[in-house]
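**Student:** Questions regarding the structure given below will be posed in turn.
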Amino acid sequence: MKDKKMYKQMTVYMEACESGSMFTNLEKDLGIYAVSAANGSESSWGTYCSPNDMVNGKHVGSCLGDLFSVNWLEDSDRANMAMETLHSQYETVKNMTTKSHVLQWGDLSFEQETIGTFEAQMEKQPKMSFWDSLITQAGDIVRDVLDLD
């Protein structure tokens, strides 16, 4: 992709156990900035697990999110995308994610760019809060799995 000039700069956010292992050999001259939920040898932890796994008054029996992803999405949801930088978002999410080591990788030369440069924001649709959106989506999944329709 770099050789074909398909991007100038790219950001990658990876949430998975041992996600840091994906970036240990990421070259710094590719124009790719990456953030991982965990280092290469640790778990990325769930959040909103039992007893906090309620959707529409029912326990779903599973964690509703990953701590890193929830922290990143909540920060993105409340951020001024034209002001917050990749670096400040990284620092915020790293400090809020207490059960794994959030790490940054690759080309750090553009970490002062704003997150709005890389994170799309759809303006035509009414904006739902992160939690309203999560509850709606989780409810849809539970209804599908339990065939409640």
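Values in this text are rule-based calculations from the coordinates and carry no lab data. Not measured: the values here are computed from a predicted model. Cβ atoms come from the backbone with ideal geometry, glycine included; neighbour counts cover every protein chain shown.
**Student:** Going by C-beta contacts inside 10 Å, put D77, D132, D53 in order with the fewest on the left.
**Tutor:** Details: D77 13, D132 10, D53 18.
Starting with the residue having the fewest Cβ neighbours, the order is D132, D77, D53.
**Student:** Helix 67-78 versus the longest principal axis of the chain: what angle, 0 to 90°, nearest 10, using Cα atoms?
**Tutor:** It works out to around 80 degrees.
**Student:** Same structure again: Which values of log₁₀ I(q)/I(0), to two decimal places, follow from the Debye formula for segment 10-146 at q = 0.09, 0.18, 0.19 Å⁻¹ with a uniform point scatterer at every Cα?
**Tutor:** Per q value, in the given order, log10 I(q)/I(0) is -0.31, -1.07, -1.14.
**Student:** Which pairs in the list K8/K99; K4/K99; K28/K99; K2/K99 are over 30 Å apart, alpha-carbon to alpha-carbon?
**Tutor:** As for pairs spanning more than 30 Å Cα to Cα, those are K8/K99; K4/K99; K2/K99.
**Student:** Once the Cα atoms of helix 130-146 and of the chain are each reduced to a long axis, what angle between those two axes, in degrees from 0 to 90 to the nearest 10, is obtained?
**Tutor:** 60
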